[in-house]
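Reviewing the structure listed below.
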Amino acid sequence: MTQRLLFMAWICALSLSLNAQSVISGTIVDSVEQKPLPAATIQVLSANGSIIKSEKTNDKGYFKITTPHISKGKIIISHINFQPLEITLPLEIQPTYDLGILYLLPQSYSLAAVVVEGRKAPVSFKVDRQVYKSSQFTNAANGTAVDVIRNLPAISVDANGTISFRGSNSFLVLINGKPTQGDPSFVLSQLPAGAIEDIELITSPSAAYDADGKSGIINIVTKDSVEDGWIIQANLMGGAPPINDFDNKRYNHPKRYGFDVLAGYNKNKWNINAGINYLRNDLAGFREGDVYTIIDEVKTSFPSTGERSYKRYNYGARMAVDFQANSSNTFSTGFYIGKKYQSRVADLLYHNSRENLNTGAITYFNYFNENTQNKEGIFTLANLDYIHTFEDNSKISFSGLFEQAKLSGTTYNLNLQYPQLIDTIQYTVNPSTNPLKAYRGKVDYSKDIANGNLQIGYQYRYDIQNGDFLYLTKINGSNDFETDPTFPSKVDVKNHIHGGYVQYSGRADKLNYSAGLRLEHSERNLYFSQSSENNKLSLTNLFPSVQLRYAAWNKGVIKAGYNRRIKRTNNYELNPFPEREHSETLEQGDPNLLPELTGTYELGVEQGLKRGNFFITLYHQRILNPIQRVNKVFNDTILNRVFTNAGKATQTGVEANLDWQLTHVWRFLLGGNLYKYKIKGAIFHGTIPVNNQKWVYSINSTQSFALPKNWLLQLSVNYLSLRATAQGEDGAFLTPHFTVKKTTTDKRWYFQLQWLNIDAGMKISNRQRITTWGNDFYTTTNYIYEPDQLQLSVGFNLLRKNRKIKLPQSEIGEKEF
């Protein structure tokens, strides 16, 4: 009996001990402005003054802390520029303390007026990323996210608008931490630069992120604020007529104008954001090329010159709604609809010759090729997210997304006799439709454990795409077309991807560390109209990641990391049936194409300076199954561009960035990337060896001069060097820009003049040469795009500060555009 009583007493004592927990909550408000204060610090202290628990208020000024009961303890509430508030806790044990609304008094000063002027540093560092302020790159203000990120040290953009991150166009794009699966260049070209607050480069991502993108992750953070009420931002841009239109005949009047409007309302439990944007951004261009093929000792040369211009526009509308039901439950939903249109003209005059290499006999013939390629896509996206926060501050989140894309295009290829331009040699039309439906479901859970945080999660992705590609040839002497049986195809693609991960991040003294493992199983099913066979690829891969960051000295940090990532195939790379891009080229995929797998090692140093900061990072990548676009001869005047795996590749490089405030008005930003790319293996089923290597570098520099009376001058230079490919090399590319900007005293209006792609008759800017060669062919093409573009813009901001515009973005739909 005594033992039972002792046991029951022990159980009661244990129960009281376990229940001696208190939940402390309240709302912190500015006593003058009567507005909630987010990011206020709440500290629970024991009787001896040691900190037991610390927490921040949310966007509504609300906080909730679960802590053991402390006798004679106290709470200290603080916020920058406010007087701290101290509250003594009662002695009796209570399960909850609702402190209600607590007011903080602003700090008072004896000065009659205090004026503080400053600019946020354009570069800063977090545990796993580099953060760049978009507002510092004024030259990008009228453009898109592409124009912003081209200024970053590891980023380059070539003449065709292709974005490279550490030399690769395979990287994952996040919008406010949310993954997108579309083509990176297209996703970024849809987002107005004026909506962007920060660009975050994550070169060694944790396992919590999707494994897509072999070079890492670019996270776009849209503008953020903590204010209640309305916000409206608007920008309007117009471009001057072209200084040089290359005497083009068809697209000889490029147009450039656009606008974007962002609006938001944040009050009580609701956060509603909406945006519309339109951008017309034509581009005049010229192309000169030289090609030859050798078949049966006959060399056929077909050099060409002519127009290569673009007519392009895009517009869209977005809305997102967040509802915070209470401190534990948050719902969000969003909807997006948009359209992108692009028409590319390549009107080329060919001077052909055939030489018999045995006899030396030569014959000549000329023709004119009028080629137009139109593409358009209408995209619809809807998402729904839910986050629940438990009493111990652990969180679980659910998110779902549905996407539908209506993708279509038509290529018109007309060959005419020259110089009459009356008789048709050949006229082909190949229309295509490529609709997509995609689904994504995800659940994540996070919990603080010991001195760190544990994350686990699962994600399922499923997309369906049914492509219908036709190839029609006009029957000579009539207006009718017939189907060429060589090229048409129907391609149905289904992708299933299951992914699960576990990730732990913590801190020990001066060391921040993170380690995780992601497991993904994917199934890719291809069906072709000309084959009854189901082409199926099933893969299971592990993606480990480790990140270390050690504060070694004053303002100095040593960092190291490893991660494994994947570049998945898209539908154009898989389609085995050729598509006629223009007179001399067919595009063709490979249904047996394997995804690229890349392991990346990093070692770097970050150093804070008195007037800026500096970082340098060494990295080494090992790439399995690198995907290359290579050429082979189709016939005497047509090359076949084929996507194929090319063995193995390595890339070893160093990237660095210096941000330095040289004087009160002059800020100097210089970044660059230098690497050696080496590829070795065989293509075309092992029949042709590949062994190519070259040093590559890029330099991005931005000089900003903040002059009196809110004038700003900025000069930026982006340079990409010559670089190796599997069969040749891509030439260097240079784009300088200059901006003059005037902001009104109240910061509400700005007026800006831009001089883009500065050339001034030197013939070095906005042009690039691409060359490939093989045993039986050689091709080189010089793309010359319009330099010296002038643009004028006006911007208006209803409020000085901006709130986060969480607009939904396309996940998968634009991949095929």
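The values are calculated or read from the model by the stated rules, or taken from the named source; none is laboratory data. A quick note: this is a predicted structure, and the numbers were derived from the prediction, not measured. Because the Cβ atoms are built from the backbone with ideal geometry, glycine has one as well, and the counts that use them run over all protein chains shown.
Quick notes
- Only one of the numbered conditions (1) among the small types (G, A, S); (2) over 28 Å from the mean Cα position of the chain (by Cα); (3) crowded, with 21+ Cβ neighbours inside 10 Å is not met by A240, and that is (3).
- Among the candidates N371, N358, N383, residue that is within 30 Å of S343 (Cα to Cα) and assigned by TED's automatic domain parsing to the domain that holds D636: N371
- Elements of type strands (runs of 3 or more DSSP E) contained in segment 139-200, each with 2 or more residues being at pLDDT 75 or above: 155-157, 163-165, 172-175
- Remark: S397 matches the filter, which requires a residue to be in the same structural domain as F335 (by TED's automatic domain parsing), of a type in the set (G, A, S) and within 30 Å of V502 (Cβ to Cβ).
- Any hit, segment 473-487, residues being more than 24 Å from the chain's Cα centre (by Cα), within 30 Å of L548 (Cβ to Cβ) and part of a strand (DSSP E or B): no
- Extreme residue, farthest from T779 (Cα to Cα), among residues of segment 323-346 that are of a type in the set (D, E, K, R) and buried (at least 20 other Cβ atoms within 10 Å of the Cβ): K340
- Top-ranked residue of segment 418-441 - restricted to ones that are part of a loop (DSSP other than H, G, I, E, B) and surrounded by fewer than 16 Cβ atoms within 10 Å (Cβ to Cβ), ranked as modelled with the lowest pLDDT: D423
- Qualifying residue in segment 499-513 (condition: of a type outside the set (D, E, K, R) and under 18 Å from P595 (Cα atoms)): yes
- Here V502 clears all of (1) among the hydrophobic types (A, V, I, L, M, F, W, C); (2) part of a strand (DSSP E or B); (3) within 30 Å of I422 (Cβ to Cβ) except the condition numbered (3).
- For segment 409-441, a residue qualifies if it is hydroxyl-bearing (S, T, Y) and either farther than 30 Å from A382 by Cα or not assigned by TED's automatic domain parsing to the domain that holds H582 (or both), and the qualifying residues are T411, Y412, Y418, T424, Y427, T428.
- The requirement of being aromatic (F, W, Y), more than 30 Å from N268 (Cβ to Cβ) and in the same structural domain as E391 (by TED's automatic domain parsing) is not satisfied by Y336.
- Only a single item in (1) surrounded by fewer than 18 Cβ atoms within 10 Å (Cβ to Cβ); (2) assigned to a strand (DSSP E or B) is not met by K741, and it is number (1).
- Tabulated pairs, segment 609-623, first under 16 Å from E596 (Cα atoms) and touching a residue at least 60 places away in the same chain (Cβ under 8 Å), second of a type in the set (A, V, I, L, M, F, W, C) and in a strand (DSSP E or B), C-beta under 7 angstrom, 6+ apart or interchain: I623/A649
- Unmet criterion (only one of (1) touching a His at 6+ places or on another chain (Cβ under 9 Å); (2) without any contact (Cβ under 8 Å) to a residue 12 or more places away in the chain) for Y601: (2)
- The set of residues in segment 678-699 being buried (at least 16 other Cβ atoms within 10 Å of the Cβ) and either under 23 Å from the mean Cα position of the chain (by Cα) or part of a loop (DSSP other than H, G, I, E, B) (or both) consists of V696, Y697, S698, I699.
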